[in-house]
1. Taking only protein heavy atoms and a 1.4 Å probe, what accessible area per residue, in Å², does the chain have with all protein chains in place?
2. Does the stretch 1-58 come out rounded, prolate or oblate by the C-alpha gyration tensor, with a ≥ b ≥ c the root eigenvalues, rounded set by a/c under 1.5 and, if not, prolate when a/b is larger than b/c and oblate if not?
3. Which entry is the computed Rg and Dmax of the Cα atoms in Å for this structure: [x] 12.7, 38; [y] 41.9, 143; [z] 14.1, 44?
4. Hey, got the dipole for the stretch 1-62? About the Cα centre, +1 on K and R Cβ, -1 on D and E Cβ, debye to the nearest 20?
5. Within the P(r) computed for the stretch 50-95, what percentage of the Cα pairs occupies the region above 16 Å?
6. Keeping the other protein chains in place, figure out the carbon and sulfur percent of the accessible area of the stretch 23-94, with a 1.4 Å probe.
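The values are calculated or read from the model by the stated rules, or taken from the named source; none is laboratory data. Keep in mind the model is a prediction, meaning the values are calculated, not measured. Cβ: placed from backbone, ideal geometry, glycine included. Neighbour counts: every protein chain shown. In case anyone asks, the SASA skips ligands and DNA or RNA and just uses the protein heavy atoms, side chains included. Shrake-Rupley method; radii C 1.70, N 1.55, O 1.52, S 1.80 Å.
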Amino acid sequence: MSVQPWEPPIARLTGALEQIADRLDGLDRRVDGIDRRLDGFEQRMDHRFAQVDARFAQVDARFAQVDARFAQVDAKFTWLIGIVIGTWVTTMLAILLHR
């Protein structure tokens, strides 16, 4: 058996393998580009989420301030109710025991 009949198919196979290698190299470059773009996107998203977390921290601090104010209002309202009831009881006792 001679080698000559195998040369054209092997040459075509070699050419096909070179084309596949070239396509894979091009694909590899595209994948690297996509990876870089995704890394940039991931960094931007991390930055945005950090900003959102900071804003939520500000909102939490603001809610704490509002809660403190409501606690002050509750304390003052309790004192006000106590004074009104005390005044009413004193007035009623003065009216009833006046005789």
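1. For the chain, the per-residue accessible area is 98 Å².
2. prolate
3. Among [x] 12.7, 38; [y] 41.9, 143; [z] 14.1, 44, the one derived from this structure is [y].
4. Around 360 debye, computed over the stretch 1-62.
5. 61 percent
6. 63 percent
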